[in-house]
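Values quoted throughout were computed directly from the atomic coordinates according to the rules given, and no laboratory measurement underlies them. The model shown is predicted, which means the values in this text are computed figures rather than measured ones. We place every Cβ from the backbone using ideal geometry, glycine too, and count neighbours over all the protein chains shown.
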Amino acid sequence: MTIIPTSNWLNDYLTMKNTSDRELIPRVHAECLCGPLEAYFPDATLQDIHIHLVDHGLFWPHPTDDKQIETFIARNYTSIVRKILEKLTQHWDGPDVPVFIFPSNEKNRLLSEHFEGVSGVSHPGKLFFFLPNNVSLKKLHALVIHEYSHICRLDKLGKKEEDLTLLDAIVLEGLAENAVRTLLGNEYVGSWAKHPSKQEVELFFRKWIKPCLDLKKTDPLHDQIMYGDGHFPKWLGYKVGYQLIASCLEHPELQLKQMHSLSSLQLLDYSMFAS
Amino acid sequence: MSKYYGVCQKHIGRPVRIRTRDGRVHAGIIKRVSPSHVFLEPIPKGLGGHGYGYRRPYGYGSYGGYGGYGGYGGYGNWGIALGTIAALAFLPFFFW
């Protein structure tokens, strides 16, 4: 597994921010940490990459973040993440992709209250992790399983990102948190993915998801449903996905590895939401 | 002083696209101009990707303030040295 070292980039950030005007620090942050990533996002500007990673949990620069970053570098998460990924690669017969590990935004309340400060984002062919300095080993496992499940599913699905539908996204998230449940245990499933009532999730599906299964990610409604903005229940898409795949796994003949290769419609047909 | 100082000063609040001499493109709303830099509030463009359930909260229909976010007010716009600007174009308000 190819883990790209980020410590030099983080050290560059620490050096440069201490010699830069305070108001230029966000730009310095972007140059040091996202400049080396431009080759991995050929169609995006440096600004786009920076906003994208910050939106998914990358720490936001601050005049007093030196200690956090130095501790993060000293923690050296590389070897433990590599070990987990190597096991998963074998388990799922998954691809080797470049992996980047950065400090997470420890000051963000949403991130610390609901996610224990960890986050990540997967794209076909690249994977980013955002970690706080005090992450528990189990939580780190849960995050890596979740995101690497995305890499395997995207690889097997073979669709371009712009062609993915809401159903694809729901299935993708359901596969990821059910992988956490299967490999680690129910207590490590993210609280955002669980919902106390199966019946209510079924109702959510019929009311909001079923009419929108073909929605593309470029449609603002797609992410409103996934994350549960406005009048939608919080993390609606994640909750429905979790139940959808959990119900597929009740079929004894289905296993996650094999499910990575089935189409989202096939999985829907196996699920409790099949019509 | 760069010719872009006056241009940017006159158009604070307007969305622009700036190309710098290193070939990079920067887009955003002009928030402030100093004698050496122009500061943009970036306009987000989705890059897709699949997260862990976390997504930084947005304001309604807008980016919610790149700088004000997290309580670091006045600290976070995208600075571009005026001397590095190769081209500047104004964008229509509705382009994003």
Dipole moment magnitude, nearest 20 debye, the protein assembly as shown about Cα centre, only Lys, Arg, Asp, Glu C-beta charged: 780 debye
With a point put 7 Å past each Cα toward its Cβ, work out how far A:A74 is from B:S34 in nm, to one decimal. 3.2 nm
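Nothing charged except the Cβ atoms of Lys and Arg (+1) and of Asp and Glu (-1): what's the magnitude of the dipole of the range A:59-142 about its Cα centre? Round to the nearest 20 debye.
On the way: 10 positive and 9 negative charges, 31 e Å.
So the magnitude is around 140 debye.
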Neighbouring Cβ atoms within 10 Å as the yardstick, rank B:Y5, B:Y54 fewest first. B:Y5, B:Y54
Computed over the Cα atoms of the range A:177-236, what is the ratio Rg over Rh, Rh following Kirkwood? 1.02
Label-reachable residues, the range A:259-275, where backbone N falls under 20 Å from a point 7 Å from A:K198's Cα toward its Cβ: A:267-275
Length added when fully stretched, A:H231-A:S263, from 0.36 nm per residue minus Cα-Cα: 8.5 nm
Can you give me the angle between helix A:166-183 and the longest principal axis of chain A, using Cα atoms only, in degrees from 0 to 90, rounded to the nearest 10? 80 degrees
Return A:F205, B:F93 ranked ascending by Cβ neighbour count within 10 Å, so the fewest neighbours appear first. B:F93, A:F205
For the protein assembly as shown, with equal point scatterers placed on the C-alpha atoms only and solvent neglected, what are the log10 I(q)/I(0) values from the Debye formula at q = 0.08, 0.10 1/Å, to two decimals? -0.42, -0.65
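Grab the Cα-Cα distance for A:L110 and A:D21, subtract it from 0.36 nm times how many residues apart they are, and report the gain in nm with one decimal. Can you show the working numbers first?
Details: separation 89, 0.36 × 89 = 32.04 nm, distance 2.94 nm.
In short, 29.1 nm is gained.
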What's the average, rounded to a whole number, of partner chain beta-carbon atoms within 10 Å of each residue's beta-carbon in A:49-60? 5
Across A:T78, A:T15, A:T89, the residue with the highest GNM fluctuation in chain A (Cα network, 10 Å cutoff) is A:T15
Below 12 Å, Cα to Cα, which aspartates and glutamates can A:K17 reach? Residues fewer than 8 away in the same chain don't count. A:E31, A:D65, A:D66
Report, to the nearest 10°, how far helix A:236-248 tilts away from the longest principal axis of the Cα atoms in chain A, using its own Cα long axis and a range of 0 to 90°. 50 degrees
Count the lysine pairs in the range A:78-161 whose Cα atoms lie under 20 Å apart, taking only pairs 8 or more positions apart in sequence or on different chains. 11
